[in-house]
1. Any idea which of PHE659, PHE604 is more than 26 Å from THR521 (Cβ to Cβ), in contact (Cβ under 8 Å) with a residue 60 or more places away in the chain and assigned by the TED database to the domain that holds LEU463?
2. Say whether the condition of being over 23 Å from PHE454 (Cα atoms), open to solvent by less than 20 Å² (accessible area, probe 1.4 Å), among the aromatic types (Phe, Trp, Tyr) and under 30 Å from the mean Cα position of the chain (by Cα) is met by at least one residue in the stretch 521-536.
3. Exactly one of these conditions fails for ASN716: (1) in the same structural domain as GLN451 (by the TED database); (2) in contact with a Cys (Cβ under 9 Å, 6 or more places away or on another chain). Give me its number.
4. Find all pairs meeting these conditions: Cβ atoms under 8 angstrom apart; at least six residues apart or on different chains; first residue within the stretch 158-181 and closer than 20 Å to PRO96 by Cα and assigned by the TED database to the domain that holds THR147; second residue open to solvent by 70 Å² or more (accessible area, probe 1.4 Å) and not aliphatic (A, V, I, L, M).
5. Take the residues in the stretch 240-262 that are at negative phi and not in a helix (DSSP H, G or I), then tell me which one is surrounded by the fewest Cβ atoms within 10 Å (Cβ to Cβ).
6. Here is a list: CYS672, CYS620. Which entry is of a type in the set (A, V, I, L, M, F, W, C) and assigned to a helix (DSSP H, G or I)?
7. What are the residues in the stretch 43-87 that are open to solvent by less than 30 Å² (accessible area, probe 1.4 Å) and acidic (Asp, Glu), if any?
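The values are calculated or read from the model by the stated rules, or taken from the named source; none is laboratory data. The structure presented is a predicted model; accordingly, all values stated were derived computationally and were not measured. When we count neighbours, we look across all protein chains shown, and the Cβ atoms used for this are built from the backbone with ideal geometry, even at glycine. Ligands, DNA and RNA are excluded from the accessible area calculation, which covers all protein heavy atoms including side chains. Shrake-Rupley method; radii C 1.70, N 1.55, O 1.52, S 1.80 Å.
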Amino acid sequence: FKGGDTCEYLLSSGRFLGEKVWQPHSCMMHKYKNSEAKNCLIDKHVVFIGDSRIRQLFYSFIKLINPQVKEEGIKHGNIPFEDKSASIKVDFLWYPEVNGSMRQRIKSWAEGSVAKPHIIVVGAATWSIKIHNGSNEALAQYKINITSIAPLLEKLAISSDVYWVLQDPVYEDMLSESRKMITNEKIDAYNEAAVRILHSSSRNSKAKVKVFSVSKLIAQETIMKSADGLHLPESSRDTNAMILMNVYCNKIMKPIDGSCCQPQPPLTLIQKIAFCFFTLSIIGYLIISLIHRNNYRKNKSCTDLESGEEKKPAISTPNVSTLEMLLHCFCKLGLIMTYFYLCDRANLFMKENKFYTHSSFFIPIVYILVLGVFYTENTKETKVLNREQTDEWKGWMQLVILIYHISGASTFLPVYMHIRVLVAAYLFQTGYGHFSYFWIKGDFGVYRVCQVLFRLNFLVVVLCIVMDRPYQFYYFVPLVTVWFMIIYATLAVWPQIVQKKANGNCLWHFGLLLKLICLLTCIYFLSYSQGAFEKIFSFWPLSKCFELNGNVYEWWFRWKLDRYVVFHGMLFAFIYLALQKRQMISEGKGDPLFSNRVSNVLLFISIVSFLTYSIWASSCKNKTECNELHPSVSVVQILAFILIRNIPGYVRSVYSSFFAWFGKISLELFICQYHIWLAADTKGILVLIPGYPVFNVLVSTFIFVCVAHEISQITNDLAQIVVPKDNSTLLKRMLCIAGFFSGLHFFSAMQDKSRH
């Protein structure tokens with residue numbers, strides 16, 4: 001099922017999600033704000049021609065430009081509207097019948113010297129049915145009149161957007177006596193005649209009158225709520241007006257969450273270079289594979305004619321070379337990136353808007369929790385936050401975040417606040433994990449730094465190139481990258497204080513605490529000094545990485561939202577490792593972490609704290625106010641969870657292998673969802689199988705998880721090649737990477753220049 005002409009789908013098909021949210025077939029509809037509508041229609045003239053139903057549509061349309069407009073115009077007369085600030089003119093012309101008068105008006109635009117409107121919306125029929133009491137003669141005359149008007153409309157469609165609005169069904173039981181002759185059977189006959197004549201006329205025409213038939217589908221669902229059985233309820237006509245706005249404005253404004261009627265973006269210079277690179281990698285790998293295959297055939301074992309026994313080949317199959325492994329990785333990556341591009345840049349697959357319901361979020365959550373508990377195994381070690389446990393933690397958090405994104409649960413504030421804690425917990429683990437490594441190992445070498453930076457950023461850099469998106473768009477990776485560098489700088493700067501040194505002299509512990517206090521002071525200062533923060537990240541080349549839409553405000557907002565939690569993770573690691581070194585905690589299998597009395601007290605406090613935070617988050621009324629408090633209080637629920645998970649020995653001794661498997665590829669899952677599970681840069685949902693929402697999610701999820709797992713393996717393989725342990729080789733590779741980014745910057749500058 002191709003995406004095809006999404007404009008055609010937008011105008012003709014769709015369904016309701018819930019009661020008021022209209023979902024066009026195959027594409028996403030943007031909800032236009034007044035400012036956006038004005039920017040799109042600046043210096044434009046729009047005309048609505050028809051009866052009272054078209055007048056309804058006219059009012060809904062102009063309310064998108066100015067919500068203060070009241071429906072006070074003459075009932076059976078022309079109604080003008082003008083927005084002088086944007087030079088927008090929208091007129092309603094009262095022509096309740098398709099007759100000579102309507103033809104003359106259209107002819108004056110098509111053949112006269114009068115300025116043509118940019119958008120023309122026409123439709124009428126119910127008055128003809130009513131006045132002529134539903135006679136067949138009236139229908140015959142209607143066909144004749146439309147036949148004479150159709151060529152004029154086609155002529156107008158060459159320079160203007162022309163829409164013929166089909167007649168909506170009526171609710172016959174509610175119609176007044178004077179309208180009883182307007183039946184759905186008659187309306188269908190008039191619509192059929194209009195569609196047949198307009199389509200036959202457009203076959204020989206260069207331009208095409210667009211048939212606005214989706215209104216009919218919307219009315220079928222909502223006409224029962226009509227006040228008089230004839231006119232649509234306000235919510236339905238507002239939906240029709242928004243569809244009209246999407247049809248005309250999406251190709252001009254290009255909103256991310258409005259895929260309907262948007263043309264496929266042209267390939268950029270960098271995308272073309274990337275395509276050539278991956279194509280050459282695939283060809284190179286195939287050539288090397290064929291050469292090795294031929295060599296293997298030549299050297300394969302042959303039968304000894306005398307003894308009839310097999311002899312081993314004299315030459316064994318050579319090991320896979322670095323070049324072959326490199327080409328193999330890029331070959332797979334090229335195929336995967338092609339899938340990424342087809343899913344979220346080409347108009348090949350369909351996209352739909354998200355729609356939140358409590359069941360769409362909570363039922364999958366219960367399902368994965370049951371699966372997670374089912375796959376319970378014993379841990380290899382029983383330390384606090386051991387590898388299996390942290391993988392499990394990342395895994396279930398990532399699955400919850402994925403369900404949150406695909407269900408559109410961000411509109412429900414209590415869920416949003418809890419998800420913010422999960423994101424904070426990821427950053428907490430960043431602080432905990434990296435601090436623990438540097439503190440215990442004392443390894444501040446370049447190799448370690450390059451390995452971490454490569455694993456974190458490789459996929460994002462490739463996606464920035466292939467999907468033509470800025471680095472800051474994938475905000476979580478810049479966040480963990482910057483925090484890693486902050487942790488490294490804090491511990492690596494003189495004096496380097498590590499566990500081995502601190503064990504010899506307790507004063508070094510105070511030195512480290514002093515470093516942490518300095519870090520906290522810097523964080524506090526930058527969080528309340530937006531100007532200083534923006535100055536730091538506005539310097540080149542940092543500005544190239546952290547700017548989004550021409551400024552670094554989004555980056556400041558993201559950083560500020562979880563500004564203390566990495567520090568909390570570092571502090572927790574320091575306290576835990578100090579207690580562990582002094583044998584003040586018991587980490588044996590099945591043993592509680594502290595004495596029974598202390599463990600019970602801490603467990604009780606942790607459960608109360610955990611529930612208290614949840615109650616507070618669930619009672620949040622204002623997102624901005626809750627976001628202000630979040631950085632200071634999120635650590636309460638994180639620490640409570642860690643203690644609940646680790647104090648009882650039997651809980652600490654088991655983990656879910658199901659969640660841990662997902663935890664190992666959590667970063668890839670988080671990034672890949674942007675384009676091959678969700679769509680339109682996370683604003684919508686990818687539709688591979690239209691018409692079957694549950695089956696579609698199952699298929700797209702399976703592909704998405706497999707791709708994320710494959711990318712994780714590719715990243716690990718490439719990390720061994722690109723970041724070698726040998727310092728001299730590593731230096732050469734770093735120079736090559738610097739050259740690569742210099743070239744990327746050069747081509748990016750050329751690209752920006754051509755765009756401007």
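1. Details: PHE604 fails: in contact (Cβ under 8 Å) with a residue 60 or more places away in the chain.
Every option except PHE659 fails the conditions.
2. Our first condition is that a residue be over 23 Å from PHE454 (Cα atoms); within the stretch 521-536, this holds for 521-536.
Okay, now just the ones that are also open to solvent by less than 20 Å² (accessible area, probe 1.4 Å), so 523, 527, 533.
Filter once more, so that each one left must be among the aromatic types (Phe, Trp, Tyr): 533.
Those still in the list that are under 30 Å from the mean Cα position of the chain (by Cα) too: 533.
The answer is yes, given that some residue of the stretch 521-536 is over 23 Å from PHE454 (Cα atoms), open to solvent by less than 20 Å² (accessible area, probe 1.4 Å), among the aromatic types (Phe, Trp, Tyr) and under 30 Å from the mean Cα position of the chain (by Cα).
3. (2)
4. Here the result reads PRO169/GLN220; SER178/LYS130; ARG179/LYS130; LYS180/GLU172; MET181/LYS130; MET181/ASN133, each pair linking the stretch 158-181 to a residue that is open to solvent by 70 Å² or more (accessible area, probe 1.4 Å) and not aliphatic (A, V, I, L, M).
5. Applying the first criterion (at negative phi) to the stretch 240-262 yields 240-253, 255-260, 262.
After this cut, where a residue has to be not in a helix (DSSP H, G or I) as well, the list is 255-260, 262.
Values: PRO255: 21, ILE256: 13, ASP257: 17, GLY258: 28, SER259: 28, CYS260: 26, GLN262: 22.
Among residues in the stretch 240-262 that are at negative phi and not in a helix (DSSP H, G or I), the one surrounded by the fewest Cβ atoms within 10 Å (Cβ to Cβ) is ILE256.
6. Details: CYS620 fails: assigned to a helix (DSSP H, G or I).
The match here is CYS672.
7. Selection gives ASP51, ASP83.
Here is a yes/no grid of residues against (1) of a type in the set (A, V, I, L, M); (2) outside the structural domain of GLY684 (by the TED database); (3) in contact with a Phe, Trp or Tyr (Cβ under 8 Å, 6 or more places away or on another chain):
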site	(1), (2), (3)
LEU17	yes, yes, yes
LYS20	no, yes, no
ILE42	yes, yes, no
SER85	no, yes, no
